[in-house]
Every structure is written in structure tokens, then in C-alpha cells.
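The values are calculated or read from the model by the stated rules, or taken from the named source; none is laboratory data. Note that the structure is a prediction, hence the values are computed from the model and not measured. Here the Cβ positions follow ideal geometry from the backbone for every residue, glycine too, while neighbour counts run over all protein chains shown. Protein only, heavy atoms only, side chains kept; ligands, DNA and RNA dropped before computing areas. Shrake-Rupley method; radii C 1.70, N 1.55, O 1.52, S 1.80 Å.
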Protein chains: 2
Amino acid sequence: MTLFRLDASIRTHDSASREIADIIEEEWLAARPGDTVASRHIGVETLPATAWAAAVTGGMTPEPDRTAEQREAVALAAALVDELIAADAVLFGVPLYNYGVSQHFKTYIDLVCADPRAAGERFLGGKPVVLATVRGGAYGPGTPREGWDHSTPYLRRIIADHWGADLTVVEREFTLVGVNPALDSFKDQAAQMQAGALESAHRAGRALGALPSPV
Amino acid sequence: MTLFRLDASIRTHDSASREIADIIEEEWLAARPGDTVASRHIGVETLPATAWAAAVTGGMTPEPDRTAEQREAVALAAALVDELIAADAVLFGVPLYNYGVSQHFKTYIDLVCADPRAAGERFLGGKPVVLATVRGGAYGPGTPREGWDHSTPYLRRIIADHWGADLTVVEREFTLVGVNPALDSFKDQAAQMQAGALESAHRAGRALGALPSPV
């Protein structure tokens, strides 16, 4: 079976979203030693900023008339959708950046949506997807930044409501505690949040690992 | 005086957001013939997908130790902030794409936020900004897609709440009526929405044109 993992963090070290995703991947491999994990690191090996427009216009152009750029973009969108369709389970690691969606993950969403197979709704119908998402501050009820997380509701909307996946969200807040000295007074709360998130990651990873093999 | 105009549409022709922005720019120039309009077309001349990460890591690196890529990215972020600070008024044309924020405009926001002058909040304190935004479908109360516009609330959050600008939003829905035959029954409603949006655009443009000149 195949787990497809995508990381949108721009960091390769000390990435809080990768820490969670690593646990989930480890649980998958512990349950299914030797299984395949396909991966993309779009925060580091970025998708081209011009690809989506080329995929959209390419999709509206008869194949023989497409430019080389359109052909390449249409093929890229198809490859991204192939990965999602081929996977038995999907793991997205996507941090909140500047109160919004990762620019790199939005580029990914746009490209996926440009492929005709994803243009119809719920093309991931029922597929298990885990979203590991992290936020530097705190955005819960009663905090000064309540309502400022404009990423997670959008990611739920696309992955679950639009693509139809069976979505589990593992989230951690206050990842900047210990990094930004202004947040030092929240150390206990942050440690508790981290422990809770890592435990949720183990649980989500074990659930993926327990998926029945396709007949 | 200077108007800074930025377009995030991936289209150069038949762009609904450009139609609104064109009217606002024309009203500005009608009130101030010979004035300057600086512009960027980030949906077509895209910002590099790797620039933001390089600007962030570059900002944390002492200047002499920065790589060439970091230097270039830090300079790009500074140039984007220079444009906003130098402008007397700002015009953003940003369509809704795949129920979310334009990937290119999020890249722009990230880069602006990477500059130290924008890291403090409300750096556009009170500056008049008009956001021209358009949506292919309808997202109002009672529609099947109510709540699916995840772009406009985020753009308000960043431009008004975070950057502190004095924001006016001119918006138009149902721009795909006449393009997508499935929406043909909404032709009257769409025409009414378009007329209303264009009238709002004239009003917003005249308000910008009436801004007092700096002493």
C-alpha cells in the first residue's frame, strides 16, 4: 500500500509540521514494514508560479495546439492528481503562514483542480487524509487572535467538502513559544499543546496503519 | 500623487477584476490628469515561488553572510513595501480562485510581511486602499456556496486589520454567467450585479480622485 506525503513547510529542520508528519509516517511504516511512502516537499522544491495559468489555458486548448509550457503544466497537474489517486492514504503537513494558507499549498490546490479528474467534485471520495497543521501563536476562543486562522477552515473546505476525503486534522498551536521570547510566559501551555498534538499524531498514524488492505 | 495598482488575475483579456480596476484607475486619472500610476501584474509576471523563504532566512542572516538568492529576495520584499509606502492610494485587483486566495497574491502578502517595516502591525495606517474582487459563482446568504468565499475575509484581515489600511471593497459575483452555460438562468441577476459593481467602482475611483494632496 502507498502513503502519499506532502510537506509545505519552508523549513527542513525544526519544522513543527514535519515533526507531526514524521510520527504519522513512522506509525504507518511500523504497521506496514516495507510499504511505500511517496513524497513531495513543495515548500522547498517549489511548484512553478506560472504552471497553474498554463495548465488552465492548456486545458482549454486542443492538445496539438498547446505550447510547450502548457503541455508541461498540464502534465504536472496530471502527475499531482495521479499521486493522490494512486495513494491509499494521504498526509499533508501544512503550516499557517501570515494568518493564511501556505502560498505553496494554494499553488498545489490550484494545479490539482486544473486536472479534469479533480474538476468534478469529491474525486477523493472517502480516501483517508490526515492534515498536520501548526500555528505559531494561539487562535482559540477568547484569544486576541481568535478568527485569524484563515488556513485551517479553507483546507477543510477543499480537502473534505470539495475533494470529498475522509479528513483527520492534527493541529498544534504556540509553536513559536521558546523561539519568540515575548511568548515565554506560555511555556507550560505550549508544552501541553505539543504533547497533545504528538499523541494525536500517534493515534492518527496508527489509524492509517490499521487500514484494511485493498482486496 | 501616485496610485499603486496591482493585478492578480491570470488573465489579460476579459478579466472581470481588471474591468473594475480599470474604471477606478480611469477615475483617478480623470481627477488628476498627468498623475502617476505604478503597477504590477503578479498574475502574469509572477513573483518567484522561492523568494519568500529566501527573504525570511535572509532576514535572519547578517547582511555580509547572505547568499545571492537571499540578497535578491530581501531586496524584492523591500521593493514591494517601498511601492506601498510611496503610494498615496493603492488598488488591488484580486479574483477568488478555487474558493480561496489567489496563490500569487498570497506570495505577495508573504513577501511584504517579510520586510521589517511591515512586520510591525498597521504599517499602512489609514492609507486608502481599494480591493476589487470578483467571484465566478454566487456566495451570498442562502446560496449553496454560502461560506465558500475564503478569500475576501482573509484579504480584509490582512489589508485592514493587520496592515491598518482604510479599505474599500468593490466586489462582483456571478462573473461566469455567460461563460458557463449551466448558469444561463442567472443572466438577469448577473447583469444587475455587474452594473452595481461598475457603479461602485466609479464611486470608489472618484473618492480616490478626491483625496486631498499632501501638503
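Here are a few things to note about the model shown:
- Inter-part distance where the range A:110-142 and the range A:63-99 are each reduced to a Cα centre, Å: 13 Å
- A Cβ-based charge dipole, computed about the Cα centre of the range B:2-209 with Lys and Arg at +1 and Asp and Glu at -1, lands at about 240 debye.
- Buried on assembly, the range B:91-109 (at least 50 Å² less accessible surface than by itself, 1.4 Å probe): B:ASN98, B:GLN103, B:LYS106
- For the range B:37-43, 3J(HN,Hα) computed residue by residue from phi via the Karplus equation (6.51, -1.76, 1.60; θ = phi - 60°) reads 10, 8, 8, 9, 10, 6, x Hz, glycine and proline entered as x.
- Reachable lysines from B:LYS106, criterion Cα separation under 26 angstrom, eight or more residues apart if same chain: A:LYS106, B:LYS127
- Cα-centred dipole magnitude for the protein assembly as shown, charges only on beta-carbon of K, R (+1) and D, E (-1), debye, nearest 20: 440 debye
- Fraction of accessible area attributable to carbon and sulfur, the range A:2-209 (%, probe 1.4 Å): 51 percent
- FRET efficiency, 1/(1 + (r/R0)^6) with R0 35 Å, evaluated for A:HIS13 and A:SER213 via beta carbons: 0.50
- Net charge dipole, the range B:43-124: roughly 200 debye, given to the nearest 20, about the Cα centre with Cβ charges of +1 for Lys and Arg and -1 for Asp and Glu.
- For A:ALA191, the point set 7 Å out from Cα toward Cβ sits 6.9 nm from its twins in the other copies, listed from shortest up.
- Taking label positions 7 Å along the Cα-Cβ direction at both A:ALA182 and B:ALA182, the computed distance is 4.6 nm, reported to one decimal.
- Cα gyration tensor shape for the range A:49-118, rounded if a/c is under 1.5, else prolate or oblate: oblate
- Taking amide hydrogens as placed 1.01 Å from N in the peptide plane, the amide H of B:GLY93 sits under 5 Å from those of B:LEU6, B:ASP7, B:ALA8, B:ALA132, each at least 5 positions away in sequence or on another chain.
- All distinct Cα pairs of chain A go into the 1/r average, and the inverse of that average, the Kirkwood radius, is 18.2 Å.
- Cα gyration tensor shape for the range A:125-215, rounded if a/c is under 1.5, else prolate or oblate: oblate
- Pairwise centroid distance, computed over Cα atoms, of the range A:19-41 with the range A:163-193, Å: 22 Å
- The relative contact order of the range B:85-215, computed from alpha carbon pairs under 8 Å that lie at least 6 residues apart in sequence, is 26 percent.
- At least 24 Å along the helix axis (C-alpha) and Kyte average at least 0.5, DSSP helices within chain A: A:68-86
- Here the label points at B:ARG156 and A:ARG156, each 7 Å from Cα along the C-beta direction, are separated by 2.0 nm in the simple model.
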